[in-house]
Amino acid sequence: MVAYLIRRLIQSILILLGVSFITFFLLYVLPADPVRQIAGRSATPQTVENIRTQLGLDQPFIVQYGRYLAGLVQGDMGRSYLQKTDVATLIMARLPASLLLMVAGIGAELVIGLTMGVIAALWRGRAVDNGLMMTSFVTVSAPQFVVALLLLYVFAVKLGWFPIGGYGTPAHLVLPALTLGILGSGWYARMMRSSMVEVLRADFIRTARAKGLSRARVILRHALPNAILPVIAMIGIDIGIFMGGIVVVEGVFGWPGIGQLAWQAIQRVDIPIIMGVTLVSACAIVTGNLLADLIAPLIDPRIRIR
Amino acid sequence: MKKLLASTALIAALALPAVAEQHMDPNAKPGGNITVTYKDDVATLDPAIGYDWQNWSMIKSLFDGLMDYEPGTTTLRPGLAESYEISDDGMTFTFHLRPGVKFHNGREMVAEDVKYSLDRVTNPATQSPGAGFFGAIEGYDAVASGEAETLSGVTVVDPQTVQIKLSRPDATFLHVMALNFASVVPQEAVEAAGGDFGKQPVGTGAFKLGEWTIGQRLVFEKNADYWRDGLPYLDTVTFEVGQEPIVALLRLQNGEVDVPGDGIPPAKFQEVMADPEQAARVVEGGQLQTGYITLNVTTPPLDQVEVRKAINMAINKDRIVQLINGRAVPANQPLPPSMPGYTTDYAGYAYDPEAAKQMLADAGLPDGFETELYVMNTDPNPRIAQAIQQDLAAIGVNASIQSLAQANVIEAGGAGTAPMIWSGGMAWIADFPDPSNFYGPILGCAGAVEGGWNWSKFCDEALDAEATAADSMVSQEGEERLKMWSDVYMKVMEEAPWVPVFNEQRYTMKSARMGGDDALYVDPVSIPVNYDYVYVTD
């Protein structure tokens with residue numbers, strides 16, 4: 001177990017290094033000059049070159065990357081080019097909001113998706129199954145912006161049940177989490193359905209039935225814990241998808257997370273912020289996957305950590 | 001404005017009493033809070049750095065410069081300077097500071113602070129996007145190149161007097177001293193902030209920063225010691241950031257927001273204007289902006305002036321204005337109509353695709369040609385590019401659209417690799433209300449270099465000389481100088497490096513409880529709203 005953890009930790013560090021290298025390289029070759037964004041439109045060529053030298057952007061790629069890494073291992077993520085503020089400060093100010101939304105969003109996804117999947121599996125081939133699978137298809141393909149605005153309009157503006165965007169109270173969390181939940185639930189619904197259908201056909205379920213156990217007990221005690229396994233593994237992957245999707249939802253609901261920070265930084269080629277947000281997101285994905293792998297054997301003894 | 005120079009001596013002689021405010025609104029009630037929203041976070045409140053839509057007027061409310069503008073207008077007035085004198089050769093400006101003005105930290109502002117602030121903004125280490133505006137101050141080059149720490153042309157005569165010597169006459173210098181970049185900041189506060197003054201601003205302005213929760217909210221509190229008596233009216237202004245314009249509008253309709261800082265979203269514009277109750281709360285104003293297509297004069301066949309003229313005649317500007325719900329007026333020259341120096345009797349190139357086609361044929365291109373049109377990828381710009389594409393197709397010019405992120409379009413424009421660029425989203429908005437501001441970086445030779453903002457790479461040395469001559473005029477020839485500028489832009493149109501397309505109008509909305517002159521909500525200088533002078537009526 002310890003050996004496994006060490007191996008995974010080394011793997012994770014390598015992955016993060018890889019992510020940092022690729023992102024840094026892409027930003028380096030990007031046909032957009034961060035110095036122009038800093039210097040503004042009235043800058044003389046001399047001013048532009050001064051700033052380039054100060055930021056070390058006149059150095060070869062490998063020197064720039066080396067400097068960045070050297071700062072990173074000392075816990076220094078650099079300063080934003082345009083805000084001049086420490087990147088770690090900017091990210092830490094926003095990370096709690098994103099994590100909260102992520103946890104609530106995944107919770108909403110699971111509740112909606114798993115419920116839909118189980119119901120569809122139990123009544124498979126019937127109208128309710130077709131209806132739910134059609135719904136899951138719609139939610140997977142619906143644009144986030146539209147769903148977010150629709151929920152906002154109906155439940156906040158028209159009905160007045162929730163605040164119109166913002167952050168601070170549990171009520172503020174409901175609509176953004178629900179948006180993410182609805183949009184992500186389709187995947188879970190489909191996955192849960194097929195997994196459940198498979199398990200329901202298994203021999204041990206037939207045995208349980210034959211023993212005379214009630215239908216509810218068979219489903220809840222025997223079928224569900226088995227069917228849910230592949231879905232748990234998916235949560236790890238889902239964190240990655242979440243990090244992408246959160247940008248739009250944060251934007252619509254005025255949720256002060258790192259998605260908004262990243263979006264604005266990309267617009268302005270603020271490299272230290274882009275790097276910082278990318279690495280923090282990559283950390284979240286790597287950690288999520290690691291946790292999913294660690295939890296899986298606890299639920300299913302057939303899976304062993306080697 | 002036109003009589004700016006003529007009135008200088010008068011202003012100097014008047015020597016306004018220390019803090020009497022002439023623009024008090026008799027109906028104004030002091031007190032209250034307003035909520036303003038923006039989509040983008042506020043990057044910085046450092047006056048040497050901030051150059052964004054949302055922080056421009058915020059910085060104006062926190063800081064003051066030696067010069068200022070009458071609220072809601074482009075008329076200069078003294079700010080922290082009580083009076084000033086200009087030497088006969090126009091090369092020396094002597095500013096007499098208002099006594100008793102205090103920074104938010106309680107210390108009195110003195111001439112040494114003015115010198116420090118100018119040294120700081122021009123110091124390369126500050127990385128100010130506005131450093132170039134101070135290029136006329138003696139000693140600027142030495143500071144910009146790192147050879148000197150302080151501007152040799154700025155002298156502290158006594159604690160209340162500062163003298164600024166120029167290395168060349170600059171008719172726009174008083175406007176430069178009214179820019180945010182020229183704001184006076186206290187050295188001890190800048191140093192205490194340790195490189196992040198933008199998050200801990202200390203100025204002399206009408207408001208001081210009360211609270212800043214990054215990514216969420218900023219609260220400005222009234223500066224009780226403000227040197228303009230009776231101002232500001234509001235106790236606090238709350239800025240909520242990260243709000244989509246469409247959500248901000250819904251919240252305004254719900255009574256939660258007083259001013260949606262990013263204006264009315266295009267998709268909702270007609271709906272709002274169709275409702276008399278809402279339309280009554282919309283304020284319309286001009287802005288010193290022109291949207292244009294740049295034609296790269298170094299790229300064949302756009303290097304032929306006939307081809308550029310033909311393209312000017314091919315663009316249906318009225319249709320493009322319709323595309324954006326009529327929120328603009330068609331343009332025929334680089335300067336916007338509200339800018340001094342605008343040529344009123346100029347007709348421009350009339351829309352005439354047949355004549356344009358003929359012109360292309362005469363230039364040896366009867367079958368047109370292939371080209372590329374670069375555009376920023378946010379609405380409505382790609383739609384406008386499509387309209388331009390169709391107009392060009394009608395005269396046989398086949399333009400493929402390159403729709404890219406802003407930074408990439410700017411890069412292509414600077415590198416000179418883009419044959420045509422639609423300027424939307426990146427278009428020139430004047431930094432100060434003077435015709436010279438539309439020339440140097442975007443039409444002059446100085447900007448036509450690798451990485452410059454002159455994307456058409458148009459460079460006419462003779463025209464540059466005329467522009468320099470106009471800006472070197474010092475004494476009382478305001479009208480003559482504007483005439484010279486008008487001539488410069490007419491000659492630019494002869495060479496047709498641009499297709500001026502439209503001048504965008506600004507539309508701001510406010511809640512029913514907001515008071516104050518409409519002009520304050522479309523203030524041409526305190527963009528978008530002049531927070532110092534607005535008030536609430538409930």
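Every read-out reported here was derived from the displayed coordinates using simple, explicitly stated rules and does not represent laboratory data. Note that this is a predicted model, so its numbers are computed, not measured. Cβ coordinates were reconstructed from backbone atoms using ideal geometry, including for glycine residues, and neighbour counts include every protein chain displayed.
Take each complete run of DSSP H in chain A, measure how far its Cα atoms stretch along the helix's own axis, and keep only those covering 30 Å or more with mean Kyte-Doolittle hydropathy at least 0.5; list them.
Values: long enough: A:2-29 (40 Å, 1.93); A:87-122 (50 Å, 1.95); A:170-200 (39 Å, 0.83); A:229-253 (34 Å, 2.10); A:271-299 (42 Å, 1.97).
Both cut-offs are met by A:2-29, A:87-122, A:170-200, A:229-253, A:271-299.
Of all DSSP beta bridges located in chain B, what percent are antiparallel, nearest 5?
Working: 49 of 66 bridges.
Within chain B, antiparallel bridges account for around 75 percent of the total.
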Between residue B:373 and residues 5 or more places away or on another chain, the pairs with built amide H atoms under 5 Å apart involve B:400, B:401, B:402
Using a ≥ b ≥ c from the Cα gyration tensor of region A:154-284 (square roots of the eigenvalues), is it rounded, prolate or oblate, where a/c under 1.5 gives rounded and otherwise the larger of a/b and b/c decides, a/b for prolate? oblate
Spatial separation of Cα centroids for region B:96-174 and region B:266-309, in angstrom: 37
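Express as a percent, rounded to the nearest 5, the fraction of DSSP beta bridges in region B:289-504 (both residues included) that run antiparallel. List each step's numbers first, then the result.
Values: 12 of 21 bridges.
Among the beta bridges of region B:289-504, antiparallel pairing accounts for roughly 55 percent.
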For peptide A:160-170, what's the mean number of Cβ atoms from other chains within 10 Å of each residue's Cβ? 4
Hydrodynamic calc, the protein assembly as shown: Kirkwood Rh from Cα pairs, then Stokes-Einstein at 37 °C with viscosity 0.692 mPa s, so D in µm² s⁻¹ is 110
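Report the charge-dipole magnitude of region B:113-169 in Debye, nearest 20, computed about the Cα centre from +1 at each Lys and Arg Cβ and -1 at each Asp and Glu Cβ.
On the way: 4 positive and 7 negative charges, 32 e Å.
Its charge dipole is roughly 160 debye.
Out of every Cα pair in region B:289-504, what percent are spaced more than 21 Å from each other?
Details: 11839 of 23220 pairs.
In whole percent, the share of Cα-Cα pairs in region B:289-504 beyond 21 Å is 51.
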Of the listed pairs A:84/B:60; A:84/B:39; B:60/B:165; B:165/B:457; B:222/B:268; B:102/B:222, which have alpha-carbon separations greater than 22 Å here? B:60/B:165; B:165/B:457; B:222/B:268
Are there chymotrypsin sites (Phe, Trp or Tyr not before Pro) in region B:271-356 that DSSP puts in a loop and that have at most 15 other Cβ atoms within 10 Å, and which ones? B:346
Calculate, in nm to one decimal, what residue A:10 and residue A:69 gain on full extension: separation in residues at 0.36 nm each, minus their alpha carbon distance. 19.6 nm
Mind checking the mean number of beta-carbon atoms from other chains within 10 Å of the Cβ atoms in B:42-55? 2
Roughly speaking, what is the stretch gain from residue A:142 to residue A:293, that is 0.36 nm per residue apart minus the C-alpha to C-alpha distance, in nm to one decimal? 51.3 nm
Could you compute the FRET efficiency for residue B:141 and residue B:188, with r as their C-beta to C-beta distance and R0 at 30 Å, rounded to 0.05? 0.55
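So how do A:7, A:124, B:120 line up by other beta-carbon neighbours within 10 Å, fewest first?
The order, fewest Cβ neighbours first, is A:7, A:124, B:120.
Counting each DSSP H run of 4 or more residues in chain B as -39500 (n - 2.57), what helix-only mean residue ellipticity at 222 nm follows after dividing by all residues, to the nearest 500 deg cm²/dmol?
Numbers: 17 runs with 151 residues, N = 538.
Estimated from H runs of four or more residues: -8000 deg cm²/dmol.
Averaged over B:189-195, how many beta carbons belonging to a partner chain fall within 10 Å of each residue's beta carbon?
The shielding value for this peptide is 1.
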Quick one: divide the alpha-carbon radius of gyration of chain B by 2.2 N^0.38 Å and tell me what you get. 0.99
Share of antiparallel DSSP beta bridges in the protein assembly as shown, in percent to the nearest 5? 75
Cα lying deepest toward the dipole's positive end in the protein assembly as shown, options A:303, A:262, A:26, charges on Cβ: A:303
Cα-centred dipole magnitude for region A:94-299, charges only on beta-carbon of K, R (+1) and D, E (-1), debye, nearest 20: 880
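Residue separation times 0.36 nm, minus the C-alpha to C-alpha distance between residue B:362 and residue B:449: what's the value? Please report the intermediate quantities before stating the final value.
On the way: separation 87, 0.36 × 87 = 31.32 nm, distance 3.12 nm.
Difference between extended and current length: 28.2 nm.
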B:411, B:306, B:461 arranged by Cβ crowding within 10 Å, fewest neighbours leading: B:461, B:306, B:411
Using Cβ-Cβ distances only, list the Cys residues of the protein assembly as shown with no partner cysteine under 4.7 Å, sorted by number. A:283
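Please order B:53, B:227, A:255 by the number of other Cβ within 10 Å, starting at the fewest.
On the way: B:53 15, B:227 21, A:255 27.
Ordered from fewest to most neighbouring Cβ atoms within 10 Å, B:53, B:227, A:255 come out as B:53, B:227, A:255.
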Going through region A:184-254, which trypsin sites (Lys or Arg not before Pro) have at most 14 other Cβ atoms within 10 Å and a DSSP loop state? A:201, A:211
Looking at the calculated P(r) for chain A, what percent of the C-alpha pair distances fall above 36 Å? 33
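Once R0 is set to 25 Å, what does the formula 1/(1 + (r/R0)^6) return for the Cβ-Cβ distance between residue A:153 and residue B:378, expressed as a FRET efficiency to the nearest 0.05?
On the way: r = 23 Å, r/R0 = 0.91.
FRET efficiency, residue A:153 to residue B:378: 0.65.
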Viscosity 0.890 mPa s, temperature 25 °C: what is the translational diffusion coefficient of region B:440-511 from Stokes-Einstein with a Kirkwood Rh over Cα pairs, rounded to a whole number of µm²/s? 175
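Using per-residue counts of other Cβ atoms within 10 Å, averaged over each peptide, order B:146-153, A:246-253, B:444-451 from highest down. Show your work: numbers first, answer last.
Values: B:146-153: 15.2, A:246-253: 23.8, B:444-451: 18.9.
Put in order of decreasing packing, that is A:246-253, B:444-451, B:146-153.
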